[in-house]
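The values are calculated or read from the model by the stated rules, or taken from the named source; none is laboratory data. Keep in mind that what you see is a predicted model, and the values were worked out from it rather than measured. Using ideal geometry, Cβ is built from the backbone for each residue, glycine included, and neighbour counts are taken over all protein chains shown. Calculation scope for accessible area: heavy atoms of the full protein, side chains included, ligands and nucleic acids excluded. Shrake-Rupley method; radii C 1.70, N 1.55, O 1.52, S 1.80 Å.
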Amino acid sequence: MTAETPLLEVDGLHVAYGGIEAVRGLSLRVLRGSLVTLIGANGAGKSTTLAAISGLVRPRAGRVLLDGEDVTRWRSTRRVAAGLVQVPEGREVLATMTVEENLSLGAWHQRAHLASGLEEVFARFPVLAERRRLSAGSLSGGEQQMLAIARALLARPRVLLLDEPSMGLAPLLVDEVFKVIETIRAEGTTVLLVEQNAHRALSAADHGYVMETGEIVLEGPAAELLANTRVIEAYLGEGFDPRPE
């Protein structure tokens, strides 16, 4: 990593549930315009880390900095308004509301830009435009994931936090989701991606962190982690070939 000031920085984060410390001394940096991924097995503390960054849980110790400003004590709503926006694990769309109503919720602090924002996301996600009057619960899993991402984009994020976006999706839909993520990043949005699909995540990312039992155990350029023997054995499978296809 360079000496450049990161857009998002987590320093010495500790999060506990009762007497169980789920995250222990975690630090990471996300440079402006980059795509950084945090990988690890179930229960490693990845989602807890995102929850602490977005303000959904209060850390026991440590700091969260957004563009150099300490936001650790800010409410989650204030963080969203400042551009720190999370797409939650499991999508969490409101099934009985229409697609358009779900999207409108993402612009709660951007009401003046709602019409233009809807126009932008419908252009990016034509399937959502086609289904805008349908209930969100009637969408497929892949379409619901697109809806969750589109809803977050309406908040005009500076940093987009993605929690397991490929979970439960068929391989072709995973491809679609990662194309969207890579496009969002290419257009200038900074992304922090939590993902169990280590191969896809590291293939898309600039930099990666590997998390085990609440701690960062490896970090480095994503291409180097893809070729790391420890990462291959633990997350990619012994038959994985790190050479580009």
Check: About its Cα centre, what dipole magnitude does the stretch 27-178 give when the only charges are +1 on Lys and Arg Cβ and -1 on Asp and Glu Cβ, stated in debye to the nearest 20?
Finding: 700 debye
Notebook entry, point to check: Among 135-143, 24-32, what's the highest-first ranking by average C-beta atoms within 10 angstrom per residue?
Noted result: 24-32, 135-143
Checklist line | Dipole of the chain [Lys/Arg +1, Asp/Glu -1 at C-beta], most positive-end residue of V64, N197, G142 | finding: V64
Margin query: Rounded to the nearest 20 debye, what is the charge dipole size of the stretch 1-115 about its Cα centre when +1 sits on each Lys and Arg Cβ and -1 on each Asp and Glu Cβ?
Written below: 260 debye
Item checked: Estimated inter-spin distance, Q196 and R78, nm [label 7 Å along Cα→Cβ] -> 3.5 nm
Notebook entry, point to check: Tell me, what is the per residue accessible area of the chain in Å², probe radius 1.4 Å?
Noted result: 46 Å²
Checklist line | Rounded Å value of the spacing that divides the Cα centres of the stretch 137-210 and the stretch 75-130 | finding: 15 Å
Check: So what is the calculated 222 nm ellipticity per residue for the chain, using -39500 (n - 2.57) for each DSSP H run with n of 4 or more, over all residues, to the nearest 500 deg cm²/dmol?
Finding: -9000 deg cm²/dmol
Margin query: Take S135 and L105, extend 7 Å from each Cα along the Cα→Cβ direction, and tell me the distance between the two endpoints in nm.
Written below: 1.4 nm
Checklist line | Approximate spin-label separation E69-K179, in nm, with each point projected 7 Å along Cα-to-Cβ | finding: 3.7 nm
Next item on the list: Choose one of A170, V180, A234: the residue whose Cα lies farthest towards the positive end of the charge dipole of the stretch 138-245 (beta-carbon charges +1 Lys, Arg; -1 Asp, Glu; about the Cα centre).
Entry: V180
Item checked: Within the accessible area of the chain (1.4 Å probe), percent carbon and sulfur -> 49 percent
Next item on the list: Pull out a ≥ b ≥ c, the square roots of the eigenvalues of the alpha-carbon gyration tensor of the stretch 92-155, then state rounded if a/c is under 1.5, prolate if not and a/b is larger than b/c, and oblate in the remaining case.
Entry: prolate
Checklist line | Protection-proxy order for peptides 46-56, 223-233, each taking the mean of Cβ atoms within 10 Å per residue, highest first | finding: 46-56, 223-233
